[in-house]
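See structure below.
The values are calculated or read from the model by the stated rules, or taken from the named source; none is laboratory data. The structure presented is a predicted model; accordingly, all values stated were derived computationally and were not measured. Note: ideal-geometry Cβ built from the backbone for every residue, glycine included; neighbour counts use all protein chains shown. The protein model used for the area step is the full one, side chains on, heavy atoms only, and it has no ligands, DNA or RNA in it. Shrake-Rupley method; radii C 1.70, N 1.55, O 1.52, S 1.80 Å.
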Amino acid sequence: MKKFKDLNCVLLVDDDIPTNYIHRKIVQNTNIEVDVKSITSAREALDYLTFSGKYEHDAEELRPGIIFLDINMPGMSGWDFMEEYRKIEASRKSKIIVVMLTTSLNPDDEKMASADHEIMNYLHKPLNEDAFVRIAGKYFEEINN
């Protein structure tokens with residue numbers, strides 16, 4: 001198993017449960033040692049990142065190194081999430097890589113993502129093993145055991 005410094009957890013934020021399941025399996029199949037947390041709403045993901053709501057007492061919970069964020073979700077969209085994410089204290093998110101993962105074919109979405117300095121990548125679903133390995137290797141240092 002490969003291990004990367006500061007990459008202990010991947011957070012999947014997508015309202016579609018089967019998509020989260022598939023993406024979890026893809027990450028697990030990469031032979032990279034990482035926990036995978038799936039959340040089906042942007043609001044809950046923000047609670048998870050800020051230890052609020054039902055995560056208020058989970059200070060020991062692993063923090064994600066990578067967030068795979070869907071754009072189109074009911075209630076709070078991926079863009080709405082990013083607006084709130086920008087308000088989170090910088091030290092809490094200093095080692096988090098946000099990747100937009102979407103089925104959107106709207107070129108404006110890709111432009112908006114590339115203009116947002118907090119979004120490191122914009123990928124089309126489904127996530128694949130090569131893309132995950134590439135992102136892990138680009139943003140995190142491999143630990144040699």
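Okay, here's what the table says:
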read-out: Glu141, sole failed condition from (1) touching a helix residue (DSSP H, G or I) at 6+ places or on another chain (Cβ under 7 Å); (2) of a type in the set (Asp, Glu); (3) more than 17 Å from Ile22 (Cβ to Cβ); (4) touching a residue at least 40 places away in the same chain (Cβ under 8 Å); value: (1)
read-out: Looking only at the range 55-85, and only at residues there that are charged (D, E, K, R) and modelled with pLDDT of 95 or more, the one that is least open to solvent (accessible area, probe 1.4 Å); value: Asp70
read-out: Residue list for the range 60-71, restricted to those being farther than 14 Å from Asn121 by Cβ and touching a residue at least 40 places away in the same chain (Cβ under 8 Å); value: Leu62, Arg63, Pro64
read-out: Hey, Val34 surrounded by 13 or more Cβ atoms within 10 Å (Cβ to Cβ), within 20 Å of Arg134 (Cα to Cα), in contact with a Cys (Cβ under 9 Å, 6 or more places away or on another chain) and touching a residue at least 24 places away in the same chain (Cβ under 8 Å) or not; value: yes
read-out: Enumeration of residues in the range 96-110 that are more than 25 Å from Asn8 (Cβ to Cβ) and either open to solvent by 70 Å² or more (accessible area, probe 1.4 Å) or assigned to a loop (DSSP other than H, G, I, E, B) (or both); value: Thr103, Ser104, Leu105, Asn106, Pro107, Asp108, Glu110
read-out: Condition check for Leu49: buried (at least 21 other Cβ atoms within 10 Å of the Cβ) and assigned to a strand (DSSP E or B); value: no
read-out: Selection count where residues are touching a strand residue (DSSP E or B) at 6+ places or on another chain (Cβ under 6 Å) and closer than 19 Å to Leu7 by Cβ, scope the range 67-94; value: 3
read-out: Test result for Lys25, without any contact (Cβ under 8 Å) to a residue 40 or more places away in the chain, open to solvent by 10 Å² or more (accessible area, probe 1.4 Å) and either of a type in the set (Phe, Trp, Tyr) or over 19 Å from Lys95 (Cβ atoms) (or both); value: yes
read-out: Checklist (1) within 18 Å of Ala113 (Cα to Cα); (2) free of Cβ contacts under 8 Å to residues at least 12 places away in the same chain applied to Lys54, failing item; value: (1)
read-out: Within the range 111-142, tally of residues that are in a helix (DSSP H, G or I) and not polar (S, T, N, Q); value: 15
